[in-house]
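Data block below; observations after.
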Amino acid sequence: MQALLQVILPVFLLIGAGYLAVWREYFSQAHVEGLMKFTQNFAIPCLLFAAISTLDLGQEFDWRLLLSFYTGATLSFCAGIFGARLIFKRPWTDCVAIGFCCLFSNSVLLGLPITERAYGVDALAGNYAIIAIHSPFAYGLGITVMEIVKADKTGAALVPQVLKAMFRNALILGIGLGFAVNLSGVTLPMVVTDAVNLMARAALPAALFGLGGVLVQYRPEGDLRTIGFVICASLMLHPAITWAVGTTLDLDRDAFRSAVLTAAMAPGINAYIFANMYGVAKRVAASSVLMATALSVLTTWVWLSLLP
């Protein structure tokens with residue numbers, strides 16, 4: 001319990017600080033919007049670039065690991081979309097953002113430290129393999145589906161629209177540049193990497209502080225059933241599907257642990273960032289991140305007790 005609290009409590013303290021600052025009017029909603037634009041368009045792309053450009057892409061890329069995790073993620077995404085539409089009668093754009101909350105587990109902020117605390121640093125190879133393509137996969141899927149539901153076009157006419165939306169996204173650009181540097185073997189000047197790392201270090205604290213400020217405006221009243229649905233899909237459905245597929249494929253123990261634990265994490269800050277990008281379901285996304293992170297203290301213990 002202490003190990004998990006050491007990971008989760010700092011997150012809540014930052015979110016709480018942002019909430020308190022806006023609630024007490026030390027920080028305005030206009031400031032929050034500016035802060036979220038900074039994290040979304042500059043700091044987080046730098047964080048993704050810095051991480052991906054230095055990853056060992058050849059480490060533990062077991063297709064069974066990736067298939068197990070991303071089958072669970074995709075089916076959870078679909079469950080979020082159609083559950084939001086059929087059960088809660090939300091507009092299709094809201095449904096995609098809600099599905100993205102069910103898709104995007106917090107693989108870095110929670111997944112890495114919890115796996116390391118539970119099984120040691122040598123057990124993280126599978127986590128890094130998942131993280132290497134996590135954002136490109138999730139944003140690629142989410143943006144594509146969002147552009148489809150927003151468009152009146154079909155077939156070939158839609159393809160340029162989807163590609164344009166993807167490649168204008170700062171997060172995707174950061175990821176793509178990271179892969180380009182990694183695969184090319186280019187060594188960037190130290191002054192450039194130091195500047196990128198300085199920007200990257202601001203990403204998560206600023207985003208979490210901004211999320212706290214967002215929660216003052218987007219409270220859970222009226223959306224509790226939808227938020228509860230997202231929490232169930234994120235904390236139970238995604239890891240359960242990953243468990244079933246991993247067992248069927250006879251995934252080895254360490255990779256199986258990494259896949260299930262990463263799938264069992266609460267929605268990450270990117271769930272709100274995606275909703276904020278399109279201006280839809282922001283209250284559901286912000287509250288789901290907060291409430292699911294709190295509940296994951298308990299659900300993570302359940303999955304840890306069940307894992308081999």
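The length gained by stretching the chain between residue 217 and residue 244 to full extension, at 0.36 nm per residue less their Cα-Cα distance, is 5.8 nm. Loop-resident chymotrypsin sites (Phe, Trp or Tyr not before Pro) (DSSP state other than H, G, I, E or B) in region 9-73 with no more than 11 further Cβ atoms inside 10 Å of their Cβ: 26. You can think of it this way: the chain between residue 151 and residue 224 has 23.3 nm of extra reach, that is 0.36 nm per residue less the Cα-Cα gap. Among 20, 188, 103, the largest mean-square fluctuation in a Gaussian network model of the chain (Cα springs under 10 Å) belongs to 188.
Put 25, 147, 33, 116 in order of accessible area, highest first, and with a 1.4 Å probe you get 25, 116, 33, 147. Accessible-area rank, largest first, for 36, 291: 291, 36, with all protein chains present and a 1.4 angstrom probe. Once the C-beta distance of residue 253 and residue 298 is scaled by a Förster radius of 22 Å, the resulting FRET efficiency is 0.35 to the nearest 0.05. What's the longest bit of the chain with no exposed trypsin sites (Lys or Arg not before Pro), using DSSP loop states and at most 15 other Cβ atoms within 10 Å as the test? That gives 169-308 as the longest site-free run. Dividing the helix sum by the residues of the chain, where each DSSP H run of 4 or more adds -39500 (n - 2.57), gives a mean residue ellipticity at 222 nm of -24000 deg cm²/dmol.
Between residue 188 and residue 63, the simple spin-label model (points 7 angstrom out along Cα→Cβ) gives 3.2 nm. First check a/c for region 1-125, with a ≥ b ≥ c the square roots of the eigenvalues of its C-alpha gyration tensor; if it is under 1.5, answer rounded, and if not, answer prolate when a/b is larger than b/c or oblate otherwise. Here region 1-125 falls in the oblate category.
In the context of the full set of protein chains, residues of the chain present 44 Å² of accessible surface per residue (probe radius 1.4 Å, heavy atoms only). Between 266, 207, 125, the GNM of the chain built on Cα springs shorter than 10 angstrom shows 125 fluctuating the most. Considering every Cα-Cα pair within region 65-157, what fraction, in whole percent, is farther apart than 21 Å? Result: 42 percent of Cα pairs exceed 21 Å. As a fraction of the 1.4 Å probe accessible area of the chain, surface on carbon and sulfur atoms comes out at 67 percent. Given their separation in residues at 0.36 nm each and the Cα-Cα distance between them, residue 31 and residue 116 gain 27.0 nm when the chain is fully extended.
Accessible surface ranking for 242, 247, 1.4 angstrom probe, highest first: 247, 242.
For a quick check, take a GNM of the chain with Cα springs below 10 Å and name the residue from 210, 120, 246 with the largest mean-square fluctuation. Judging by the Gaussian network model, the answer is 120.
The values are calculated or read from the model by the stated rules, or taken from the named source; none is laboratory data. Every value quoted in this text rests on a predicted model; they were computed, and no experiment measured them. All Cβ positions, glycine included, derive from the backbone under ideal geometry; neighbour counts span all protein chains shown. When the accessible area is computed, the model is the full protein with side chains, heavy atoms only, and any ligands, DNA or RNA have been set aside. Shrake-Rupley method; radii C 1.70, N 1.55, O 1.52, S 1.80 Å.
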